[in-house]
Amino acid sequence: MTLLTKQVSKPTTTAKQKWMSGALAGVLMTTFGVAAPMVALSQSASAAPASNLVAAQRLNKLLTNTKSMTANFTQTTKGASSGTFKGSMSVQRPNNFRWETKSPSEQLIVANGSSMWIYDKDLEQATQQAVDSQVGNTPALLLSGDPSKIDKNFKITQPYATKNYYVLYPKLSDASFKNLSVSFSGGKPVMMVLNDTLGQTTSIKFNGIKLNPSISSSQFKFTPPKGVDVINQ
């Protein structure tokens, strides 16, 4: 992968643009946290929850069956920085994902297990970050990592034993999110919702879901276009 070595000369990123990058990358790598999604709100409060062990086993089974996935998404954040973004995503185990925002602005996030790229087309800027062992403690583990390790990093709950809705709490005290929820329908993850440590709530709804399709490895590779400023972190 060829990296450009020139000094960054483009205008600095605005606070809103920084939030856009942070929100999208955070959804995948660091800040998947939750408030209860809509599917949970419609259930009776008296429904018995599953034990933590049973919840972990059920979630593990659902995620193990998701070896790859493509979908369109709508991501909405409410709080100090609010906004709605739409685009498409692809994930494939182990540790590959592609998150492409198409509206209202264009941004691409690509990770392959060893590195992650965040490319802002409007800014003509690409940022490369190393993907290290900390990924095991992040939400990326859910859709692209090893399902068998999830209960080592999260306390897993199933508030309604008959509903495929799960809430996960990070075991690390320095995690950047409070908790994470994921809802399934027909064996497919259809919604995730997060509450980060800044008090913001981000919901992500998936549609047009294809479970276990064949995905070209090129989808998880990125080479900065000519003339783009590259920042290594």
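A short reminder: the numbers here are calculations on the coordinates, not readings from a lab. These figures come from a predicted structure and were not determined experimentally. Cβ coordinates were reconstructed from backbone atoms using ideal geometry, including for glycine residues, and neighbour counts include every protein chain displayed.
Counting only residues at least eight positions apart within a chain, or on another chain, the aspartates and glutamates with an alpha carbon under 12 Å from that of Lys86 are Glu100, Glu106. As a rough guide to protection, the peptides 92-100, 79-87 ranked by mean Cβ packing within 10 Å, highest first, stand as 92-100, 79-87. Pairs of Lys residues in the stretch 118-232 that lie 8 or more places apart, or on two chains, and have C-alpha atoms under 18 angstrom apart add up to 12. Modelled spin labels at Lys61 and Lys121, positioned 7 Å past Cα toward Cβ, are 4.2 nm from each other.
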